[in-house]
Structure formats: C-alpha cells, structure tokens
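Presented below is the structure to which this report refers.
The values are calculated or read from the model by the stated rules, or taken from the named source; none is laboratory data. Because the structure is a prediction, the values reported are computed rather than measured. Here the Cβ positions follow ideal geometry from the backbone for every residue, glycine too, while neighbour counts run over all protein chains shown.
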Amino acid sequence: MDTTQYLDVFIDESNEHIEVLYKKLLELEKDPTEKAIIEEIFRAAHTLKGMSATMGYNDLAKLTHTLENVFDAIRYDKVQVQSEMIDLLVETVDHLNAMVEDIASGGNGSQDITDVANQLEAIEKGEVVVPKEKIETVQEVVTAQNSSVFTKLDEFELSILNESNERGFQNFEVSVQLREDCLLKGARVFMVFEVLEQLGEVIKSNPSVTDLEDENFDYSFSVILVSSAKENEIAEKIKKVSEIEKVTVDAFSVNNYLDRKETELTTPVTNEVNTVEDKKVEKNESTDSENTKSSHNKTIRVNIDKLDVLMNLFEELIIDRGRLEQISTELRNTELQESVERMSRVSSDLQNIILTMRMVPIEHVFSRFPRMIRKLARDLDKQVDLEIIGADTELDRTVIDEIGDPIVHLLRNAIDHGVETPEVRLQKGKPEKGTIKLKAFHSGNHVFIEIADDGAGINKEKVLKKAIENGIVSENDKDTLTDQQIYGLIMESGFSTADKISDISGRGVGLDVVKNTIESLGGSITIDSEYNKGSVFSIQLPLTLTIISVLLVELNKEKYAIPLSSIIETAIVSKEQILSAHHKKVIDFRGKVVPLVNLKEIFDVPNADHDEEYTSIVIVKKGEKMAALVVDSFIGQQEVVLKSLGAYLSSTFAISGATILGDGQVALIVDSNAVIK
C-alpha cells in the first residue's frame with residue numbers, strides 16, 4: 001500500500017501524541033496513582049503504535065508497543081509507578097520523538113532500541129529497574145547510526161580532500177551541537193567558523209552556509225575541515241565559544257565515503273519518501289474524512305504558506321479599501337458611500353477571521369518548558385514546581401515563532417538566580433520546593449506573559465553597585481532612580497550580578513537580547529521584585545504584527561504614522577506651557593516633566609519660518625519613560641498595513657516600517673520606542 005499521501009498527517013498527529021506523552025508523564029510524576037493520567041498515556045501510546053505499524057515504521061511501532069504494555073500493567077495494578085521509572089519513560093519518549101523527526105526529514109525512523117525495550121520489559125515484569133550509567137542520548141544514537149551526515153561530495157571537493165592527505169594534512173568531520181536556549185544561532189555559527197578558519201580550511205558544511213547564516217537549522221551542524229591540528233585541540237578551541245552544548249571531531253576518510261556510496265548504489269532502496277517535498281501541497285489539499293476524524297470532522301490542516309499568501313492579499317485589500325473610502329468622501333455620492341460602508345464592515349469581519357486563523361495557542365511554546373524545568377532543577381539540585389496558567393491564550397504565529405527563546409532564558413534565569421536551594425529556603429522559612437508561575441492572558445489588543453518566582457528576588461544595592469562599576473549609572477543619578485528603573489538595569493548589555501559563571505546563566509549575556517527581541521516585536525518588558533520574596537517579569541506583546549492601528553500626523557505636508565499602542569494622549573499646548581530644563585524644552589504633563597521631541601529635527605523635515613502660538617503634541621510612553629512628540633497637525637486614526645522597508649533601509653533611525661495610504665501616498669511609521677530611548 002502506498003502510504004506517502006498520508007505522511008504529513010502521520011507526522012503531525014505523531015507529534016501531537018508525543019506531546020501528550022511528555023505532558024502526562026510529568027503529571028504522573030506528581031500524582032503516580034491518578035488513573036485518568038495513566039489511561040491517557042496508554043491511549044496515546046496505543047494510537048501511535050497503530051499509526052506507526054500501518055505506515056510501516058516497525059522500530060517506532062515496536063518501541064511504542066513496549067511502552068503501551070508497561071502502562072497496561074500499571075493501569076491494572078500489576079506494576080506500581082516509582083520515581084526512578086519516570087526518567088526511563090521520558091527517555092523512551094525522547095527516542096520516539098527522534099524517530100518521528102527522522103521520518104519527517106526523509107528517513108525511515110529506524111533506531112537501535114534494544115536497551116530501552118529490555119528495560120521497559122523489566123518494568124512490565126515488575127522487576128526493579130537499575131538504570132545504566134546513562135541511557136544513550138538521542139543525539140548519540142542518531143550520530144552512531146549515521147556515520148557521516150555528508151552524503152554528497154562533488155569531484156572538486158573529493159580532489160581537495162585527497163590532495164590534503166598527500167600533503168600531510170588530516171581531514172576531519174566536526175559536528176557542533178548548540179544549546180537549546182541559544183538566542184543568536186547565526187552569531188554562534190559565525191564564531192565557530194572563525195575558530196575553524198584559524199585551524200585550517202572548511203571544505204563543506206551541512207546544512208549549507210546560506211542556511212546557517214539565515215538560522216535555517218535546528219541546533220546542530222557539521223563541517224568537513226582540513227587541518228594539521230589534533231582532534232582534541234580542535235574540540236577544545238570550539239568549546240571556548242559560549243552556548244556550545246557538544247563538539248564531536250572524527251577523522252573523515254575519503255575511501256570509506258566512496259565505499260559507502262558504492263554500497264548505496266548497489267543496494268535496492270524503496271523510494272517512497274523521496275517525493276515527500278514535491279507532494280506537500282497536494283497532500284495538504286487532499287484531506288479526506290479519515291484524516292479529520294481525530295478532530296471530530298471540524299478541522300482541516302492548512303499549509304501556513306497559504307495563510308501567509310492570504311494575509312498578503314488581504315493587506316492589499318485594506319489599502320484599496322482606504323482609497324475607496326477617500327474617493328467616496330470626495331465625490332459625496334450616497335450610493336457609493338453606502339456600498340463602501342458595507343464593504344468596510346464585511347472586510348472588517350474578514351480581517352478578524354483571517355487574523356483568528358493565524359492565531360496559535362501559546363501552549364505550543366509553553367508545552368516544552370515543564371521538561372526543561374525538571375532537567376534544570378535536577379542539574380542544580382533544586383526543587384521547582386512549574387505552574388502554567390492561560391496556555392490556551394492565542395497569539396499570531398509570527399509572534400509565537402519569536403517569543404520562545406526569550407521565555408526560555410527568563411525561566412533559566414528564574415531557576416538559577418531566583419529559586420534558592422532547599423536548604424536555603426528552609427532557613428528562610430519558605431517551603432522546600434520553589435514555585436515558578438508562567439501566566440499568559442489577553443488585555444485589549446495585547447497579550448501579557450508573566451514569569452513569577454518565589455525565590456530570592458533582586459538585591460537593589462547589589463544591582464546599583466554593579467551598574468556604577470560598569471559605568472551604566474553615575475553616583476549622582478543613583479538616588480533619583482525608582483525601584484523599577486533599578487531592576488531594569490539588569491537588562492543592560494553585559495550586566496550580570498552572578499558571583500560565579502555557570503552553564504545555566506551568569507555570563508552577562510541574555511537579558512539584553514531578551515529585551516531587544518521583545519521590543520523588536522513591538523512589545524515591552526518590566527520587572528518587579530521584592531528581596532527574599534521573589535520576582536515578576538512581565539512581557540507585553542501585540543496580538544499581531546501585520547495590521548496595526550495608528551494616528552496619522554502631518555509634518556510640513558509629509559505624513560507619518562504613530563502606533564496607537566504607544567500613545568497615551570494627544571494635546572495642543574501654548575507657548576507659555578513650554579518650559580526649559582537642562583537646556584532642553586519640556587512640558588508639565590499631569591505633574592511629570594516630559595521632554596519635547598521635535599520630529600522635524602529627527603527626520604530632517606524642512607521647518608516653516610513662522611512662529612506658531614500653539615503646538616500640537618503626541619504623548620508617547622515606553623515603560624516608565626515618556627516623551628512629547630511635536631507635530632504640525634493630527635489627521636486621524638486609521639488601520640494600516642505594516643510594510644518592511646527592506647534590507648537597504650533597515651537601519652533608518654526611529655522608523656519601523658511604512659504603509660500605503662488610501663490616496664497612494666506612503667506614510668513612514670514612527671518607532672516611538674527608539675525616539676524615547
């Protein structure tokens with residue numbers, strides 16, 4: 001039976017079942033006798049086994065069948081759940097996950113599962129499980145099975161490798177695994193390549209250099225290196241680059257490569273999975289009733305690229321709608337105005353539907369955190385309970401893609417710097433087990449994500465002392481800072497109060513990247529803390545990044561747009577209300593001194609000579625800071641489509657993008673965060 005047409009559905013549903021297994025195993029560790037959890041794990045394993053067997057992935061089916069047998073024994077009270085079992089069961093699901101990933105990338109999902117299967121069978125028989133020193137990790141299994149990731153070397157590359165051997169150099173295959181919390185993968189790859197080029201010459205990389213630069217890879221990559229250095233010297237120098245999890249350096253033999261290629265050519269291989277990529281579009285369109293039964297026939301799977309195309313078309317429709325509204329206003333034709341009003345209502349409904357289709361529950365990001373917290377807590381000898389609230393809160397897919405890494409770093413920071421060890425917590429009169437709360441909720445057109453812990457909190461005096469040492473704050477200014485401004489100093493570049501550098505955090509990098517990533521998404525981050533009581537990191541993000549509400553303003557007949565999300569108020573002030581402080585113009589806004597920022601000066605807009613009696617201002621806010629933007633006049637509020645300025649103009653100061661207005665004019669969108677900063 002040809003099963004290739006079902007491959008996409010199989011991979012999607014397998015990932016869903018594996019996610020259930022991970023989630024429920026962590027719940028089972030907290031409540032080992034809960035029958036409902038055991039039943040759910042059994043059902044997920046049973047379904048995955050049946051799907052795998054039908055698709056012909058025998059190793060996956062066999063391992064899942066063994067896991068199913070264990071939980072069959074548990075649910076009929078033949079075996080009692082013990083804490084030492086959970087590690088093995090989680091490792092088993094790691095193997096299942098690796099197999100599915102292998103299938104998704106075009107492999108056949110085969111693995112040596114003998115050791116894991118034997119230990120699971122021992123659990124099923126009620127024998128005490130004595131785990132080996134460490135079950136072979138998924139990465140090591142995959143590496144062992146695939147002696148080399150390089151399967152296609154051309155004649156030129158082979159000739160270089162042969163010639164290097166003749167000249168006394170050695171050929172190496174270097175594999176580098178980045179840490180999963182690495183925020184700037186492209187930068188780390190660049191630093192590794194710099195080290196490699198000092199040691200020798202890189203002949204080929206997998207993935208390609210282009211994919212590595214674009215961060216179009218998971219967390220590992222390999223290169224073929226010609227060098228006179230020793231294997232351990234190469235590995236040690238690469239490990240000096242931060243956020244490197246693992247480095248493997250093996251000799252690369254051209255003869256072995258040619259022998260392997262010859263074997264592949266003479267061995268008949270089934271070619272079922274080779275056409276997977278070519279048929280992706282067809283498979284996404286051909287959803288039959290069997291594939292949708294798991295979702296009660298109410299959902300279909302749609303390729304995200306199609307949603308992106310749909311969104312782009314709708315953005316063009318929004319621009320044309322604005323043009324029609326302007327024409328109907330100018331012509332004052334009643335029938336035309338009625339038609340345009342109806343079109344506006346329908347397009348607004350359509351806009352809500354399209355935006356809703358692009359929304360993804362934040363659970364897709366949150367679901368991997370319990371496993372990570374559990375592992376980190378064990379590594380640091382701490383007891384931590386993670387409480388997730390509001391995982392069904394929805395965010396635009398583009399925001400979801402970007403927000404994962406910042407949250408990972410904040411959680412790692414909370415475990416390492418926040419939650420104390422059990423002994424210290426008991427001395428402080430706290431429960432032995434610390435709690436980290438991860439909460440998401442909607443408010444207006446924004447989503448708020450809070451990471452709260454009941455740990456040590458932030459020592460204000462220590463932060464201030466370090467900030468003064470680093471030259472971030474002067475001695476004169478330290479008394480004028482509010483508590484939140486002091487806490488915010490820990491997000492400055494290179495700032496760290498850690499007494500010692502650990503693998504978890506404390507290198508002085510990370511929080512500044514977190515802040516920059518969130519602000520690049522149009523969001524903000526604030527910190528609140530109480531010493532020895534705990535800390536709360538609050539992230540505010542827009543629901544979507546493509547269609548935004550703005551206030552259109554005019555600067556000497558040029559139109560600019562200021563996002564409504566950053567505006568507090570608009571006002572018209574007289575000359576008498578404008579004051580001077582430290583040689584700068586300011587106004588008194590509700591008891592606060594707010595600096596005046598002339599947008600004409602920032603954007604080099606020619607200024608009229610005449611002296612105005614009144615000045616139009618827009619009060620904008622970023623965290624605790626405010627500024628009053630001086631404009632010529634207000635045009636009005638409007639929904640616009642945010643368009644990128646492209647790579648050539650990406651570094652333009654205080655401009656985040658542009659939009660096309662109804663009359664065809666281009667209005668630049670002001671980045672008020674940059675202006676305030």
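Residue by residue through segment 236-248, note down the ones that are surrounded by 17 or more Cβ atoms within 10 Å (Cβ to Cβ) and within 14 Å of Gly200 (Cα to Cα).
Of everything in segment 236-248, just one residue is surrounded by 17 or more Cβ atoms within 10 Å (Cβ to Cβ) and within 14 Å of Gly200 (Cα to Cα), namely Ile238.
Looking at Val365, Val408, which is the one that is crowded, with 18+ Cβ neighbours inside 10 Å, under 13 Å from the mean Cα position of the chain (by Cα) and more than 30 Å from Leu313 (Cβ to Cβ)? Even if it seems obvious, please write down each step before you answer.
Working: Val365 fails: more than 30 Å from Leu313 (Cβ to Cβ).
Exactly one of Val365, Val408 is crowded, with 18+ Cβ neighbours inside 10 Å, under 13 Å from the mean Cα position of the chain (by Cα) and more than 30 Å from Leu313 (Cβ to Cβ), namely Val408.
Taking segment 14-38 as the search range and keeping residues that are of a type in the set (Ser, Thr, Tyr) and in a helix (DSSP H, G or I), which one is surrounded by the most Cβ atoms within 10 Å (Cβ to Cβ)?
Here the answer is Ser14.
When Gly418 is evaluated against the numbered criteria (1) under 20 Å from Arg179 (Cβ atoms); (2) surrounded by fewer than 21 Cβ atoms within 10 Å (Cβ to Cβ), which criterion, by number, is the only one it fails?
Tallying (1) under 20 Å from Arg179 (Cβ atoms); (2) surrounded by fewer than 21 Cβ atoms within 10 Å (Cβ to Cβ), Gly418 fails exactly one: (2).
Take the conditions surrounded by 21 or more Cβ atoms within 10 Å (Cβ to Cβ), assigned by TED's automatic domain parsing to the domain that holds Glu124, touching a residue at least 24 places away in the same chain (Cβ under 8 Å) and of a type outside the set (Phe, Trp, Tyr) and apply them to Ile11. Does it pass? Please lay out each step first, then the result.
Working: surrounded by 21 or more Cβ atoms within 10 Å (Cβ to Cβ): no; assigned by TED's automatic domain parsing to the domain that holds Glu124: yes; touching a residue at least 24 places away in the same chain (Cβ under 8 Å): yes; of a type outside the set (Phe, Trp, Tyr): yes.
Judged against the criteria, Ile11 is not a match.
Considering only segment 39-58, state which residues are part of a helix (DSSP H, G or I) and surrounded by fewer than 18 Cβ atoms within 10 Å (Cβ to Cβ). Break it down into steps so the answer makes sense when it comes.
Within segment 39-58, the first condition is being part of a helix (DSSP H, G or I), and the residues that meet it are 39-55, 58.
Scanning segment 39-58 gives Glu39, Arg43, His46, Gly50, Ala53, Thr54, Asn58.
Could you check segment 81-122 and list, in sequence order, the residues that are on the phi > 0 side of the Ramachandran plot and surrounded by fewer than 18 Cβ atoms within 10 Å (Cβ to Cβ)?
First, pick out the residues of segment 81-122 that are on the phi > 0 side of the Ramachandran plot: 106, 109.
The answer is Gly106, and nothing else.
I'd like the residue in segment 532-566 that is more than 26 Å from the chain's Cα centre (by Cα) and of a type in the set (S, T, N, Q) and, out of all such residues, is nearest to Asp416 (Cα to Cα).
Asn532
Is it true that some residue in segment 274-290 is of a type in the set (Val, Ile, Thr), crowded, with 17+ Cβ neighbours inside 10 Å and either modelled with pLDDT of 50 or more or within 30 Å of Gly186 (Cβ to Cβ) (or both)?
So the first thing to find is which residues in segment 274-290 are of a type in the set (Val, Ile, Thr), and the list is 275-276, 281, 287.
With crowded, with 17+ Cβ neighbours inside 10 Å added as a condition, the list becomes 276.
Cutting the leftovers down to either modelled with pLDDT of 50 or more or within 30 Å of Gly186 (Cβ to Cβ) (or both) gives us 276.
Yes, that holds for at least one residue.
Between residues in segment 576-593 that are of a type in the set (Val, Ile, Thr) and residues that are assigned to a helix (DSSP H, G or I), which pairs lie under 6 Å by C-beta distance while being six or more apart or on different chains?
Within 6 Å, the pairs are Ile587/Gln577.
Looking only at residues in segment 451-465 that are buried (at least 18 other Cβ atoms within 10 Å of the Cβ) and either without any contact (Cβ under 8 Å) to a residue 60 or more places away in the chain or charged (D, E, K, R) (or both), which one is farthest from Leu489 (Cα to Cα)? Even if it seems obvious, please write down each step before you answer.
Filtering segment 451-465 down to residues buried (at least 18 other Cβ atoms within 10 Å of the Cβ) leaves 451-458, 463-464.
Imposing the further condition that a residue be either without any contact (Cβ under 8 Å) to a residue 60 or more places away in the chain or charged (D, E, K, R) (or both) reduces the set to 453-454, 463-464.
Numbers: Asp453: 19, Asp454: 21, Val463: 7, Leu464: 8 Å.
For segment 451-465, the residue satisfying everything is Asp454.
Given (1) buried (at least 17 other Cβ atoms within 10 Å of the Cβ); (2) without any contact (Cβ under 8 Å) to a residue 24 or more places away in the chain; (3) not polar (S, T, N, Q), where does Lys230 come up short, assuming only one miss?
Condition (1) is where Lys230 drops out.
Taking segment 530-555 on its own, how many of its residues are outside any loop (DSSP other than H, G, I, E, B), among the polar types (S, T, N, Q) and modelled with pLDDT under 90? Show your work before the answer.
Keep residues of segment 530-555 that are outside any loop (DSSP other than H, G, I, E, B), which gives 530, 534-542, 547-555.
Next cut, among the polar types (S, T, N, Q) only: 535, 538, 540, 549.
From what is left, the residues that are modelled with pLDDT under 90 are 540, 549.
Number of matching residues: 2.
Of the residues Glu387, Glu420, Glu402, which single one is over 17 Å from Phe537 (Cβ atoms) and out of contact with any Phe, Trp or Tyr (no Cβ under 9 Å at 6 or more places or on another chain)?
Glu420
Inspect segment 176-197 for any residue being among the basic types (Lys, Arg) and in a strand (DSSP E or B) and give the result as yes or no.
So in segment 176-197, the residues among the basic types (Lys, Arg) come out as 179, 185, 188.
This time we only want the ones that are in a strand (DSSP E or B), so: none.
Scanning segment 176-197, I find no residue that is among the basic types (Lys, Arg) and in a strand (DSSP E or B), so the answer is no.
Kindly provide the set of residues from segment 567-590 that are within 42 Å of the chain's Cα centre (by Cα) and acidic (Asp, Glu), ordered by number.
Selection gives Glu569, Asp588.
Within the set of pairs 6+ apart or on separate chains, which have a first residue in segment 614-626 that is on the phi > 0 side of the Ramachandran plot and in the same structural domain as Val553 (by TED's automatic domain parsing), a second that is at pLDDT 85 or above and surrounded by fewer than 18 Cβ atoms within 10 Å (Cβ to Cβ), and C-beta atoms under 9 Å apart?
Once the first residue is on the phi > 0 side of the Ramachandran plot and in the same structural domain as Val553 (by TED's automatic domain parsing) and sits in segment 614-626, its partners that are at pLDDT 85 or above and surrounded by fewer than 18 Cβ atoms within 10 Å (Cβ to Cβ) give Gly623/Thr526.
When you check Lys78 against the structure, is it assigned to a loop (DSSP other than H, G, I, E, B), on the phi < 0 side of the Ramachandran plot and charged (D, E, K, R), yes or no? Before the answer, list the steps.
Working: assigned to a loop (DSSP other than H, G, I, E, B): yes; on the phi < 0 side of the Ramachandran plot: yes; charged (D, E, K, R): yes.
Here the answer is yes, as Lys78 does meet what is asked.
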